[in-house]
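Q: Dropping the structure in here first, questions after.
Just so it is clear, none of the values below were taken in a lab; they were calculated from the coordinates. This structure is a prediction, so every number in the text was calculated from the model and none was measured. We place every Cβ from the backbone using ideal geometry, glycine too, and count neighbours over all the protein chains shown.
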Amino acid sequence: MISLPEQLELLQAFRIFDMDAIKRLLKESTFSKNPHPLQKQQLLIWSTCLMQELLQAEIAITTVESLFNKQLLKIEQLTSLEYLSFAPLLFHEGMLLLQQYRRFTDNRRVNDMITCMLVNLHEALTLEEIAYAGEISPEYAITLFRRHTKYSPMDFYYHLKIERAQFLLLHTKYAITYISALLCFSDQSHFTKRFKKISGMTPLKYRSSMLKTTVQLASLL
């Protein structure tokens with residue numbers, strides 16, 4: 001099992017959004033050397049710890065429960081080969097929710113809609129479903145969202161999806177077609193078009209350029 005000092009380091013890295021440190025600690029710790037049954041058990045423990053962190057940040061309990069249930073389902077379905085790729089993703093899901101929560105607006109309905117988006121990045125929400133989370137009509141959802149974020153609800157949702165895609169491109173070896181399907185884009189062409197509009201480059205170019213930059217920075221250390 002992972003040691004207490006390693007646990008404290010991981011939680012501290014999570015609190016300051018240091019994904020590189022999280023990946024390094026997971027790779028170096030005994031966490032990555034456990035037999036498969038213990039790996040799942042450890043993931044369950046970490047998912048529980050992260051949910052406690054989110055609750056302490058005063059994120060709504062219904063939101064935390066929804067994310068926790070989704071993570072439990074994913075953990076149960078994991079194979080041994082998927083384990084090491086999924087461990088950092090588990091941290092990133094909680095981190096993304098916490099980051100967005102700190103950027104929330106002062107409007108409860110908008111915040112409820114953003115929370116709905118964050119918990120459902122791997123789904124294909126409609127405007128009606130997002131508006132339902134805010135307990136308002138789709139038309140008013142657009143007006144209210146633009147007033148508080150400068151974006152329409154669907155544009156904001158796609159920005160969150162692309163932010164998630166950027167993480168997957170940098171921190172996993174998933175194929176672009178797989179990432180597109182994972183984030184519920186209708187097809188890879190739609191995914192690439194959205195990604196380029198938001199990031200200024202294609203997913204393939206983003207992955208290669210960012211990895212090249214990472215290697216260059218590492219060589220300077």
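Q: What does the convex hull of the alpha-carbon atoms of the stretch 126-221 project to on average, in nm²? Provide the component values of the computation, followed by the final result.
A: Working: hull surface 30.2 nm².
Average projection, Cα convex hull of the stretch 126-221: 7.5 nm².
Q: Quick one: which of Lys70/Lys161; Lys74/Lys193; Lys70/Lys212 span more than 24 angstrom between C-alpha atoms?
A: Lys74/Lys193; Lys70/Lys212
Q: Neighbouring Cβ atoms within 10 Å as the yardstick, rank Arg147, Arg194 fewest first.
A: Ranked by crowding around the Cβ, least crowded first: Arg147, Arg194.
Q: I'd like the Karplus ³J(HN,Hα) series for the stretch 114-120: coefficients 6.51, -1.76, 1.60, θ = phi - 60°, whole numbers in Hz, and an x wherever there's a Gly or Pro.
A: 5, 4, 4, 4, 4, 7, 10
Q: Here's another thing I want to ask about it. Among Ser199, Ile130, Ser209, whose Cα lies farthest out toward the positive end of the dipole of the stretch 104-221, if unit charges sit on the beta carbon of Lys, Arg (+1) and Asp, Glu (-1)?
A: Selected residue: Ser209.
Q: Per-residue HN-Hα couplings for the stretch 157-164, Karplus 6.51 cos²θ - 1.76 cosθ + 1.60 at θ = phi - 60°, whole Hz, x for Gly and Pro?
A: My calculation for the stretch 157-164 gives 4, 5, 4, 5, 5, 5, 4, 5 Hz in order.
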